1. Identify the single condition in (1) part of a loop (DSSP other than H, G, I, E, B); (2) closer than 30 Å to B:F100 by Cα that B:I481 does not satisfy, given that it satisfies every other one.
2. List pairs: first residue in the stretch A:27-49 and facing chain B (nearest Cβ under 7 Å) and under 18 Å from A:F225 (Cα atoms), second residue open to solvent by 20 Å² or more (accessible area, probe 1.4 Å) and of a type in the set (D, E, K, R) anywhere in the structure, Cβ distance under 9 angstrom, at least six positions apart or on different chains.
3. Residue by residue through the stretch A:147-171, note down the ones that are within 14 Å of chain B (Cβ to nearest Cβ), part of a helix (DSSP H, G or I) and in contact (Cβ under 8 Å) with a residue 40 or more places away in the chain.
4. Check the stretch B:372-392 and report whether any residue there is within 16 Å of ligand 1 (Cβ to nearest atom), within 25 Å of B:F464 (Cα to Cα), assigned to a helix (DSSP H, G or I) and aliphatic (A, V, I, L, M).
5. Given the criteria open to solvent by 10 Å² or more (accessible area, probe 1.4 Å) and free of Cβ contacts under 8 Å to residues at least 40 places away in the same chain, does B:T62 qualify?
6. When the stretch A:52-92 is examined, which residues are found to be open to solvent by 20 Å² or more (accessible area, probe 1.4 Å) and part of a loop (DSSP other than H, G, I, E, B)?
7. Among the residues that make up the stretch B:432-450, is at least one of them open to solvent by less than 10 Å² (accessible area, probe 1.4 Å) and within 15 Å of ligand 1 (Cβ to nearest atom)?
8. Do you know which residues across the stretch B:194-226 are small (G, A, S) and surrounded by fewer than 24 Cβ atoms within 10 Å (Cβ to Cβ)?
Amino acid sequence: MAGPELTGAPLPESRLTRWRSIVSDWAADQRTFKHVSWGKSMMWIFLLSDTFIFSCFLLSYMTVRMSTTVPWPNPSEVFALHLFGQNIPLILIAIMTFVLITSSGTMAMAVNFAYRRNRRKTAILMLVTALLGAAFVGMQAYEWTKLIEEGVRPWKNPWGAPQFGSTFFMVTGFHGTHVTFGVIFLLIVARKVWRGDFDTGRRGFFTSRSGNYEIVEITGLYWHFVDLVWVLIFAFFYLW
Amino acid sequence: MVDTAIGREPIAPAEAGEVELYHPHSWITKYVFSQDAKIIAIQYSLTAMAIGLVALVLSWLTRWQLAFPGTLSFIDPSQYLQYITMHGMIMVVYLLTALFLGGFGNYLIPLMVGARDMAFPYLNMLSYWTYLLAVLVLVASFFVPGGPTGAGWTLYPPQSILPGTPGYEWGIILMLASLIIFIIGFTMGGLNYVVTVLQGRARGMTLMRMPLTIWGIFTATVLALLAFPALFVGAVMMLFDRVLGTSFFMPSLVSMGEQLQYGGGSPILFQHLFWFFGHPEVYIVALPAFGIVSDLISTHARRNIFGYRMMVWAIVAIGVLSFVVWAHHMYVSGMNPWFGFFFATTTLIIAIPTAIKVYNWVLTLWHGDIHLTIPMLFALAFIVTFVNGGLTGLFLGNVVVDVPLSDTMFVVAHFHMVMGVAPIFVIFGALYHWYPKVTGRMLNEWLGQLHFWVTFIGAYAIFFPMHYLGLLGMPRRYHEIGQTSFVPESAQNLNVFITIAALTVGAVQLVFLFNLFWSLRYGRASGGNPWRATTLEWQTPETPPPHGNWGKELPVVYRWAYDYNVPGAKEDFLPQNQPPDWGTG
Ligand code: HEM
Ligand SMILES: [Cu+2]
């Protein structure tokens, strides 16, 4: 197949050749994404798949919210807290969101210190992240308890469409599970960092391969993703 | 036209060091809780075939009922529905998906891309055990009160979780739970397959030198990772509807004279979720089949695959398009006519890359030196059957044609041709082809011929007349047709004929199973490369390949997978790891 390379004509930087070079870069030897480890590429692909799960959940929520004929409860009343003698709408959720976003910050710092092989600071920052995550789950548990006491159930609630409770518990529950797993993951990795596993090349139980500090970054990827999803859930459940 | 550019790129130095392998020490970690992809592949395959046998037996029972209504007294209408539901679900998910991706994927990916193992062996092992759990939960549903669900493999709500549908007590719960477990298990394996293909190849193995088998399995895995989430979400929500009494999919309705507690949900939502998974699922089983068939044809016709790059792009294009056609399964559910138009158009567009593939197979065969080995016979059978099913697909893709044919035997005939029989042919072909690598012995040729001809002719005897029954208007999922004015008496004779064919085909599968076990002991020793094939798995130092696959040195790849009958070469094939100075320069 004689391409332009063989005919000697000058190569126009056409869009086609640019596409070709992208393709041949990607198709290159051994690794498609150079300098990306197996662990990290796995996490990215997993997150892509997980994105589809959350998208399906959120789209389903929107569909049932639109298909039901019963009025939807008003979020700024439902999610208000009675503090200092007045009802403050969305206050708890604002704190929860703040906590989770802060935890993304501490996570990013932990990754930074991990690459400098600063074991102490990395481990402490990861523990702080885990703590913030646990605080988030705790506040969510409080929110659930409060709603349940007010009579919200997956199949009914006092204010309107029963799908309110169903979607709320399902989606925040699924997200909360993600946060909980993240916290566990953070604790395990923080312990390994603390112990210096990644300096001595000790073999992990799960992978039977010796890990390195990159695992901190991979944990971070997951954590930021869970954060991002929360922002979407927040927008769709509390602000709509 | 030999695309020589593919074979002639210089080899880059190694980019990554060798990985450490996990070395098992006891019999249990070697053969039971094994982390070796080859053992996991065998475990996946055997489990899938075992549960597939159940699905096969169920199809005999349904066929028996259709031909000789009432002669088996235990098949009442509920039982009938339960049989077809379990038959359909097992065949599609637990047999085909698991066998192609968990079975062939695990065995072939590391070997064909020149890796020592999958990227994450431990996760890979968990994947199998989770799959086994899913299968056991599914099997358990045969033994619970009320039996397995009879909602049809599509599980459409609201009827699937309401009294009146068999298995609504426990069967549906176990079915949904089993699907959820399956998806979790599959995801663990799927991440492995994708990462290994993308990031774990041998030196010189560029993506554009990979055998099409790997392209097919890889693309199918990506589809699965993006399509199964929809089923997962649908299953979770339906489980809540059934167990907690939520109303995601349940409108307010009256059942058996009683107003139910449900209200306000959207049954159509489930259909969207289901088919957003369901249509890509067709390609999850079809793409590996496409890939494998390309390699079978090329090897057994001693000729390079025609238009390799086009084949790769066609696989990718089909994969992408398969996500935008799902609502062609919902023409009769009622939708905006413009949507119908959109989905009909996208459906027909898929025919283009698919047709390209078929042309390329035929052109590969055109000047080929066709050896009618059993894998080749099955590959040819696949092409014929797939074209057949694809053509009826074009009919059903059009809204106006689909509406009258929907829910008739025509649809049953169509999807059995295209995603039932055709991929099964490829599985058989692939088993005959790779069995020597797995065991070191050939499958018995004579039994193979018997198996092939009875299965091939039998499959047509079963499913060809079904098109006609469908055109007559014979509905699907009916326990008994009884006296209907539009179905003539003679249709019954056809039904008897089909059933006899089905039982014959079923019986010959037992011969195949026998062959699998018999040849393990008594088969002819095959040597390492009995088909004189080019791809890496045939170049392993030992057969069956040992733990770690390659002995001391990883292979280095110098050429694409299709150097058959290269002019000037000493042999009629050049293995992928054959340096360029050998034979042809
Ligand atoms: C010898 C082989 C087979 C025979 C004789 C057979 C026969 C049947 C019969 C009689 C039905 C029910 C028709 C009705 O009353 O609606 C059916 C349904 C079905 N079969 Fe098969 N089948 C075979 C293989 C397969 C394979 C390999 C697949 C894999 C894709 C498959 C997938 C299905 C599905 C998805 C359904 C629909 C179930 C439902 O309506 O919910 N079958 N088959
Ligand atoms: Cu479809």
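The values are calculated or read from the model by the stated rules, or taken from the named source; none is laboratory data. Note that the coordinates shown come from a computational prediction; the quantities given were computed from them, not determined experimentally. Note: ideal-geometry Cβ built from the backbone for every residue, glycine included; neighbour counts use all protein chains shown. The accessibility values were calculated without ligands, DNA or RNA, using every heavy atom of the protein model including side chains. Shrake-Rupley method; radii C 1.70, N 1.55, O 1.52, S 1.80 Å.
1. Status for B:I481: all satisfied but (2).
2. So the pair list comes out as A:S41/A:R31.
3. Within the stretch A:147-171, A:Q163, A:F164, A:S166, A:T167, A:F168, A:M170, A:V171 meet the criteria.
4. yes
5. It is true that B:T62 is open to solvent by 10 Å² or more (accessible area, probe 1.4 Å) and free of Cβ contacts under 8 Å to residues at least 40 places away in the same chain.
6. A:T69, A:V70, A:P71, A:W72, A:N74, A:F84, A:G85, A:L90 - these are the residues of the stretch A:52-92 that are open to solvent by 20 Å² or more (accessible area, probe 1.4 Å) and part of a loop (DSSP other than H, G, I, E, B).
7. Within the stretch B:432-450, not a single residue is open to solvent by less than 10 Å² (accessible area, probe 1.4 Å) and within 15 Å of ligand 1 (Cβ to nearest atom).
8. Selection gives B:A202, B:G204.
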